Amino acid sequence: TLVELLVVMAVLAVLAGGLIVAINPADKIKQANDTKVQNDVSQIAAATAGFAANNGGGFPSASSDLVPGELTIYPPAPTATGYSAYVLTGLPGGCTAALKNCTSVTVTGNLTSSKYTGYTTWRYDSATAKACAWSGTACKP
């Protein structure tokens, strides 16, 4: 009957609504953007290693040292809210690629998904050759 059909449709609507809440599509989009950040930071990290190999072990001091050369273009960060341009920092502070006195680099990008609550940055450190979700003081265990 029509009443039974309406009851079935109402039950299906409630189940569909619950499924959408459980999936959390907004956070899935953030997770996809976080994956882009991780891949881009890895690409930049590989370019810094190539730069060091071609420059007597000296790392770049800024992203502009990689383009053109090791990178055709510097990867853009996701355009969604919460993301900003990737930051490449030559270490120690004040080093320059021209003097070949940068002994390491860090490359960072923002993370926004709930998967990384408390760890808002994806960070690569050439001194350890590792990338991780970074809280500002430590990697995510």
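What the table shows:
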quantity	calculated
Selection from segment 65-79 of residues that are open to solvent by 60 Å² or more (accessible area, probe 1.4 Å) and among the hydrophobic types (A, V, I, L, M, F, W, C)	ILE73
Condition broken by SER135, with the remaining ones in (1) open to solvent by 50 Å² or more (accessible area, probe 1.4 Å); (2) more than 22 Å from GLN31 (Cβ to Cβ) satisfied	(2)
Test for ALA98: is it open to solvent by 50 Å² or more (accessible area, probe 1.4 Å), out of contact with any Leu (no Cβ under 7 Å at 6 or more places or on another chain), within 15 Å of GLY57 (Cα to Cα) and modelled with pLDDT under 90	yes
Members of segment 78-122 found to be touching an Asp or Glu at 6+ places or on another chain (Cβ under 7 Å) and within 11 Å of VAL37 (Cβ to Cβ), listed by number	TYR86, GLY109, LEU111, THR112, SER113, TYR116
Matching residues in segment 80-94 - criterion: being open to solvent by 50 Å² or more (accessible area, probe 1.4 Å) and in contact with a helix residue (DSSP H, G or I) (Cβ under 9 Å, 6 or more places away or on another chain)	ALA85, VAL87
Condition met for LEU71 (touching a helix residue (DSSP H, G or I) at 6+ places or on another chain (Cβ under 8 Å), on the phi < 0 side of the Ramachandran plot and at pLDDT below 95)	yes
Some residue of segment 22-29 being assigned to a helix (DSSP H, G or I) and more than 30 Å from SER114 (Cα to Cα)	no
Residue match in segment 53-64 (condition: more than 27 Å from THR112 (Cα to Cα), open to solvent by 50 Å² or more (accessible area, probe 1.4 Å) and touching a residue at least 40 places away in the same chain (Cβ under 8 Å))	yes
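The values are calculated or read from the model by the stated rules, or taken from the named source; none is laboratory data. Quick caveat: nothing in here was measured; it's all calculated off a predicted structure. Virtual Cβ from ideal backbone geometry, glycine too; neighbours counted across all protein chains shown. Ligands, DNA and RNA are stripped out before the accessible areas are found, and what is left, the full protein with its side chains, is counted by its heavy atoms. Shrake-Rupley method; radii C 1.70, N 1.55, O 1.52, S 1.80 Å.
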